[in-house]
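The values are calculated or read from the model by the stated rules, or taken from the named source; none is laboratory data. Owing to the predicted nature of the structure, the values given are computational and were not obtained by experimental measurement. Neighbour counts are summed over all protein chains in view; Cβ atoms, including those assigned to glycine, are modelled from backbone coordinates with ideal geometry. The area values use the complete protein model at the heavy-atom level, side chains included, leaving out ligands, DNA and RNA. Shrake-Rupley method; radii C 1.70, N 1.55, O 1.52, S 1.80 Å.
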Amino acid sequence: MFNRNVLYFAIMLGLIVLVGQTQSWNVALTITNLCIISAVMALGVNIQWGYAGLFNVGIMGFAAMGGLAAMIISVSPVQEAWSAGGVGVLVSLVLAAITIVAAVFTYRALEGKSFRLLALFIVVLAGSWAVRAFLDPATAAIEKVNPASTGYLGGLGLPIILAWPVGGIFAGAAAWVVGKITLGLRADYLAIATLGISEIIVAVLKHEDWLTRGVKNVTGLPRPVPYEVDLQQTQWFLDLCAQLGANPVTFSSIFVKLCYMVLFASVLLIILWFSEKALRSPWGRMMRAIRDNEVSASAMGKNIKSRHLQVFVLGSIVVGIAGAMLTTLDGQLTPSTYQPLRFTFLIWVMVIVGGSGNNWGAVLGGFVIWFFWIEAEPLGLWLMELITSGMAEDSALRAHLIESAAHMRLMTMGIILLLALRFSPRGLIPERN
Amino acid sequence: MDNILNALALMANFVFVPAIAYGSQLALGALGVTIVFGILRFSNFAHGDTMALGTMCTILITWWFQSMGISFGPLPTALLALPFAIVICSAFVLVSDRVVYRFYRKQKADPVIYLIASVGVMFVFNGIVRFIIGPDDQNFADGERFIIKAREFKRLTGLSEGISIKVSQGITVVTMIVVVALLFWFLNKTRTGKSMRAYSDNEDLALLSGINPDKVVAVTWIIAAALATIAGTLYGLDKSFKPFTYFQLLLPIFAAAIVGGLGNPLGAIAGGFVIAFSEILVTYAYKKFAGYLMPEDWKADGLIQLLSTDYKFAVSFVILLLVLLFRPTGIFKGTGV
């Protein structure tokens with residue numbers, strides 16, 4: 001059994017080396033970095049699904065929370081925007097917090113009273129009016145500050161590595177709210193609620209220009225690793241190149257990617273280590289007991305709902321960390337790239353194909369599926385050209401088929417998911433009993 | 001007095017009429033979800049993309065009819081194409097049941113496995129739609145545009161605010177009423193319909209009394225496909241067809257079904273209207289409306305909009321959360337929780 005698992009990873013490594021040899025090492029390293037990030041995300045989903053059987057359809061939203069954290073932590077603050085509307089935004093945030101506390105208090109205090117809902121409604125309405133009264137003018141003022149290059153508050157100007165844990169906290173907080181409401185009800189409700197929260201998080205990122213610049217994107221996030229241009233001017237790097245006989249320009253880009261790889265791989269290994277520890281601990285056994293039979297676990301005195309909430313938040317934290325890492329690698333926050341297909345369903349395919357309930361399986365799934373997701377495009381195009389090679393050059397059908405080759409990825413992923421679910425429901429590396 | 005009438009006309013034009021049409025579309029979508037849930041006992045995530053698939057069939061047949069010069073007079077040709085599209089869409093859905101879901105039914109798999117399988121089916125349907133018709137906007141409405149134009153309304157009543165009703169909105173409401181009436185007649189009066197309800201209430205008892213489960217399942221899928229195609233076509237006629245929008249409709253549709261009580265057809269209809277009206281009421285800018293009702297010298301300093309239209313999905317989400325918090329079985333008792 002163990003040997004087969006090692007073999008899988010060896011094949012994966014071989015495939016990446018093959019890409020390095022045939023395409024270029026730059027491409028191979030880019031794929032590897034994204035594979036590692038995907039593996040972290042898949043680990044997070046595996047914690048939710050594999051350990052506890054919770055179906056989260058909002059992975060995109062939690063990853064976006066991580067991306068937001070990366071931006072807020074790393075970008076330097078825009079002083080003029082802060083003086084234009086910083087106070088207003090802070091006041092409205094405080095008011096929002098007060099509203100929530102007041103709403104919860106009202107709801108609890110009026111237990112059993114007939115006007116409870118009406119009172120709650122009035123509190124929320126008054127609160128949201130007060131928030132808007134401060135927030136709207138403040139955001140308008142912020143967005144007016146040099147809209148072409150800033151027009152937002154900016155961030156804290158801290159090292160971007162800090163954003164990784166912070167991204168986890170952001171995602172965990174969002175997960176706590178959703179989980180608190182929907183856990184304990186049908187599994188379907190959690191699925192739909194997570195779908196909703198992820199759409200809303202991404203909508204906020206897209207439309208709140210004062211916070212994220214919206215679709216104008218925040219580019220040029222500071223890096224945790226050196227820049228290629230700087231490397232090419234540094235003496236020790238040039239010496240290294242001379243020693244290896246490599247071209248400084250291409251090698252600098254490979255070197256940067258290797259630096260990223262070391263960072264991402266350490267995060268992956270740390271999370272993997274913790275996940276494995278947790279899975280083998282009494283806590284992990286309890287989670288699986290709950291997953292396999294809620295009634296008997298509940299009869300043993302386990303609080304199902306709060307265990308579920310705990311594991312849901314933990315999984316989302318891991319997804320948030322991965323989201324922050326991804327934005328770090330991209331060097332920019334582009335809200336429009338958060339597509340449910342790429343960020344939610346692809347991750348699901350990774351977990352199911354890799355092996356739900358097994359951390360190594362999730363990691364393998366992350367690598368395999370991301371690799372094929374990237375390589376499917378040239379493969380699909382090549383296949384389409386092969387199929388259509390018999391047709392006339394100017395045939396409309398041929399043009400349509402080649403143009404649509406990109407959409408084949410969707411269908412392929414769907415078919416892979418269905419096949420894996422049916423014929424290999426335990427995945428490539430199944431859960432150990 | 002005129003001011004009040006004008007304000008009412010304004011509300012009717014921008015809130016009431018669109019919300020009725022949108023509510024009908026959501027209600028039809030939610031009916032499909034709720035029926036699959038009631039009988040097959042899982043939340044079908046592929047429903048949004050089934051709608052897209054059905055609508056795509058309608059569009060292709062409409063184009064084919066148009067190219068042959070067939071039209072439906074003042075009504076959109078799509079209505080003629082609809083029955084054919086329903087047949088094709090049902091075929092797709094039945095194949096998906098045979099290839100995917102039947103296996104899990106035999107295994108008596110956990111509902112969440114069905115859910116994941118439906119995500120897979122969603123991908124495949126989405127892929128088919130994008131592959132055939134592409135990811136872009138398609139407009140396929142033809143025939144007359146308006147039942148009553150704002151200008152005519154103003155001329156008839158002498159008000160300064162007009163009400164316009166689009167043909168697509170009229171058709172939506174009429175179709176919704178006809179379809180719902182047919183559906184309820186089918187479920188309550190026919191033998192197959194009654195056996196479906198029995199199966200939904202208690203599967204084992206129904207099987208004991210000799211109900212053929214395969215037939216019940218097949219009929220359920222055909223109804224779901226028909227409802228999806230009709231809802232999708234009406235939505236496409238009213239707005240426009242874009243595959244991704246149909247995926248996004250999943251949230252309001254599920255919210256509608258859950259608000260009404262999953263598994264309860266009446267609830268799905270009510271839920272559809274609740275979601276549609278809240279969405280439009282919350283995102284409507286009341287500036288002009290208030291202008292009519294307030295004293296002359298009063299002037300609003302903003303749009304008086306509770307929430308920007310960018311966040312219309314947030315409305316269905318919040319309603320969904322509220323229902324789950326306070327009444328998890330929905331307004332009408334569903335089989336939920």
Open item on the list: Please compute the contact order of chain A in relative form: average sequence separation of alpha-carbon pairs under 8 Å and at least six residues apart, divided by the residue count, as a percent.
Closed with: 31 percent
Open item on the list: Name the residue from A:His308, A:Val295, B:Ala226 whose Cα lies farthest towards the positive end of the charge dipole of the protein assembly as shown, charges +1 on Cβ of Lys and Arg and -1 on Cβ of Asp and Glu.
Closed with: A:Val295
Open item on the list: Over the Cα atoms of chain A, each weighted equally, I'd like the Debye log10 I(q)/I(0) at q = 0.07, 0.08, 0.09, 0.13 Å⁻¹, rounded to two decimals.
Closed with: -0.42, -0.54, -0.68, -1.25
Task: Given charges at beta-carbon only (K, R positive; D, E negative), |dipole| of the protein assembly as shown in Debye - done: 2240 debye
- [ ] Would you work out if segment A:188-343 is rounded, prolate or oblate? Take a ≥ b ≥ c from the square roots of the eigenvalues of the alpha-carbon gyration tensor; rounded if a/c is under 1.5, else prolate when a/b is larger than b/c, oblate otherwise.
- [x] oblate
- [ ] Taking the Cα centre of segment A:79-150 as origin, work out the dipole magnitude from +1 charges on Lys and Arg Cβ and -1 charges on Asp and Glu Cβ, in debye rounded to 20.
- [x] 320 debye
- [ ] List the trypsin sites (Lys or Arg not before Pro) within segment B:134-241 that fall in a DSSP loop (any state other than H, G, I, E or B) and whose Cβ has at most 13 other Cβ atoms within 10 Å.
- [x] B:Arg145
- [ ] Just name one of B:Ile70, B:Gly29, B:Asn6: the one whose Cα is farthest towards the positive end of the charge dipole of segment B:1-111 (beta-carbon charges, Lys/Arg +1, Asp/Glu -1).
- [x] B:Gly29
Open item on the list: Eigenvalues of the Cα gyration tensor times 5, then square-rooted: what semi-axes does that give for the protein assembly as shown, in whole angstrom, largest first?
Closed with: 42, 34, 30
Task: Proximal charge balance of B:Ile20 [Cβ under 14 Å; K/R count +1, D/E count -1] - done: -1
Task: segment A:79-150: mean projected area of Cα convex hull, nm² - done: 5.0 nm²
Task: Charge dipole magnitude, Cβ of K and R +1, D and E -1 - segment A:107-206, Cα centre, debye nearest 20 - done: 260 debye
Open item on the list: Give me the three principal axis extents of chain B from the C-alpha atoms, as integers in angstrom, largest value leading.
Closed with: 72, 55, 37
Open item on the list: Explain nothing, just compute: Karplus ³J(HN,Hα) = 6.51 cos²θ - 1.76 cosθ + 1.60, θ = phi - 60°, for every residue of segment A:332-337 in order, whole Hz, x for Gly and Pro.
Closed with: 7, 9, 10, x, 6, 7
Task: Prolate/oblate/rounded label for segment A:69-213 (Cα gyration tensor, a/c 1.5) - done: oblate
Task: chymotrypsin sites (Phe, Trp or Tyr not before Pro) within segment A:57-154: DSSP coil, no more than 11 neighbouring Cβ in 10 Å - done: A:Phe115
Open item on the list: For B:Lys189, give me every one of the lysines with a C-alpha distance below 23 angstrom, ignoring sequence neighbours fewer than eight places off in its own chain.
Closed with: B:Lys215, B:Lys333
TODO: Treating cross-link reach as a plain straight distance, find the lysines whose alpha-carbon is under 22 Å from the alpha-carbon of A:Lys277, omitting any fewer than eight places away in the same chain.
DONE: A:Lys302
TODO: Would you kindly calculate the translational diffusion coefficient of segment A:1-60, applying Stokes-Einstein with the Kirkwood radius from alpha carbon pairs, for 20 °C and a viscosity of 1.002 mPa s, and quote it in µm² s⁻¹ without decimals?
DONE: 160 µm²/s
Task: Sequence-distant residues sharing a close amide H with B:Ile147 (under 5 Å, placed H) - done: B:Ile165, B:Lys166, B:Val167
- [ ] Step through the table entries A:Lys144/A:Lys216; A:Lys206/B:Lys242; A:Lys180/B:Lys242; B:Lys154/B:Lys288; B:Lys242/B:Lys312, compare each Cα-Cα distance with 23 Å, and write down the pairs that go over it.
- [x] A:Lys180/B:Lys242
Open item on the list: If DNA, RNA and ligands are ignored and the probe is 1.4 Å, what is the ranking of A:Thr106, B:Thr233 by accessible area, most exposed first?
Closed with: A:Thr106, B:Thr233
Open item on the list: Interface size between chain B and chain A, please: total buried accessible area, 1.4 Å probe, rounded to the nearest 100 Å².
Closed with: 4400 Å²
Task: Candidate aspartates and glutamates - alpha carbon under 20 Å from A:Lys305, same-chain residues fewer than 8 apart omitted - done: A:Asp188, A:Asp292, A:Glu294, B:Asp110
- [ ] Pop out the carbon and sulfur fraction of the accessible area of segment B:2-326 as a percent, whole number, probe 1.4 Å.
- [x] 65 percent
Open item on the list: Using a probe radius of 1.4 Å on heavy atoms only, what accessible surface per residue do you get for the protein assembly as shown? Whole Å² is fine.
Closed with: 44 Å²
- [ ] Choose one of A:Ile100, A:Thr150, A:Leu118: the residue whose Cα lies farthest towards the positive end of the charge dipole of segment A:79-150 (beta-carbon charges +1 Lys, Arg; -1 Asp, Glu; about the Cα centre).
- [x] A:Leu118
Task: Debye-sum result for segment B:1-89 in log10 I(q)/I(0), which assumes one identical scatterer on each alpha carbon, at q = 0.21 Å⁻¹ - done: -1.02
Task: Exposure rule at most 13 other beta-carbon atoms within 10 Å, DSSP loop trypsin sites (Lys or Arg not before Pro): chain A longest free segment - done: A:114-431
